[in-house]
1. Would you mind stating whether residue 98 is in a helix (DSSP H, G or I), under 29 Å from residue 182 (Cα atoms) and either assigned by TED's automatic domain parsing to the domain that holds residue 354 or at pLDDT 85 or above (or both)?
2. Regarding the range 71-83, can at least one residue be identified that is out of contact with any strand residue (DSSP E or B) (no Cβ under 9 Å at 6 or more places or on another chain), in contact (Cβ under 8 Å) with a residue 40 or more places away in the chain and more than 21 Å from residue 229 (Cα to Cα)?
3. Go through (1) surrounded by 16 or more Cβ atoms within 10 Å (Cβ to Cβ); (2) closer than 24 Å to residue 298 by Cβ one by one and return the number of the condition residue 405 breaks.
4. Look through 25, 51, 8 and report the one residue that is touching a residue at least 12 places away in the same chain (Cβ under 8 Å), in the same structural domain as residue 391 (by TED's automatic domain parsing) and in contact with a helix residue (DSSP H, G or I) (Cβ under 8 Å, 6 or more places away or on another chain).
5. Residue 368: farther than 25 Å from residue 51 by Cα and surrounded by fewer than 22 Cβ atoms within 10 Å (Cβ to Cβ), yes or no?
6. Does at least one position in the range 317-334 carry a residue that is in a helix (DSSP H, G or I), touching a residue at least 60 places away in the same chain (Cβ under 8 Å) and surrounded by 23 or more Cβ atoms within 10 Å (Cβ to Cβ)?
7. Among the numbered criteria (1) touching a strand residue (DSSP E or B) at 6+ places or on another chain (Cβ under 7 Å); (2) surrounded by 17 or more Cβ atoms within 10 Å (Cβ to Cβ), which single criterion is violated by residue 41?
8. Need pairs with beta-carbon distance below 8 Å; first residue touching a residue at least 60 places away in the same chain (Cβ under 8 Å) and not assigned by TED's automatic domain parsing to the domain that holds residue 244 and within the range 371-396, second surrounded by 23 or more Cβ atoms within 10 Å (Cβ to Cβ) and part of a helix (DSSP H, G or I); sequence gap 6+ or separate chains.
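The values are calculated or read from the model by the stated rules, or taken from the named source; none is laboratory data. Bear in mind that the values here come from a model prediction, so they are computed numbers and not experimental data. Using ideal geometry, Cβ is built from the backbone for each residue, glycine included, and neighbour counts are taken over all protein chains shown.
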């Protein structure tokens, strides 16, 4: 799929912020731990999430959309033997099924999951963590991982890195493991916290939520909370529309937002000079300004630092700021691919190495044919098209729908000239 964009519009209006993709995935995976129906509200309809649900349905899990963003899942009839390895291998998000399936079925056999081409994303941390709880892991010649456990037992686990999904898998496995589990170097992102709170609402005993040290006392079973669980708003969507407002010199209000998740993002916008305020109803308003000042360095960090998923978008923002910015992303070595696409549009940038890029601005961008390399790079290309002179054609544009529901529709509502082109 392609997108065609004509730039030059000042985006104005109010945009809805949907539920966080990175919170929805682990919550949906955690439903496998429950024998009975569980309901979620504010679930975004994203291709990644729909793919995860399809894999679960293949194993006999009942999935019903009870509203546009309301989802019922019942894993009472789960049959782990019907897991589709090919679908697992195609989708990185499916890695979230390892912990809950090991806890529920005591065995799982999967191909190493795929996903975005943003660099090497080994699952060693997952295997190490689950192995500490008693999982035995073998790798077949075709790359299939066979994991088994007679019983999962609590353990003291020091993760080899601050891995979000490894932390989530370990949490889901440890929730019903016998005994006590301590997790050190745990990820503390808002969606990890949301998973912890959900599991506790189901009867789990997790302490240390929001820190890098989690303590879990295993319980025999989990039960769905009586009320539907509401997914937290997506802070990455907030960051995306904030950049859209800044670069188009627009005026965008966003709701709902959770400001406690946005410290690093709002701080950076302030340093650049972008105006923002919280409205009386809790909405966040971001306004573009005539002159933005480059900051000397933007570095992606683990939460509560600046999120790697917004690095490319703020790289685009840097092309419109006065001065030179060094952007560093130590987390993934493939995140800088978007810069080559911006260079085609006239950006002044130098890729120093796989983890660093130097961008000098402001530079006008011109429309051309560019490519969406991954989810966040795709969103960056869409926003670049909004300010480029003339027409921009984005190839592989379907990438953006892995993480943004109706992105083109919401941008059109703000005044953007954007349309889908189906080949």
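1. yes
2. yes
3. (2)
4. 8
5. yes
6. Taking every residue of the range 317-334 in turn, at least one turns out to be in a helix (DSSP H, G or I), touching a residue at least 60 places away in the same chain (Cβ under 8 Å) and surrounded by 23 or more Cβ atoms within 10 Å (Cβ to Cβ).
7. (2)
8. none
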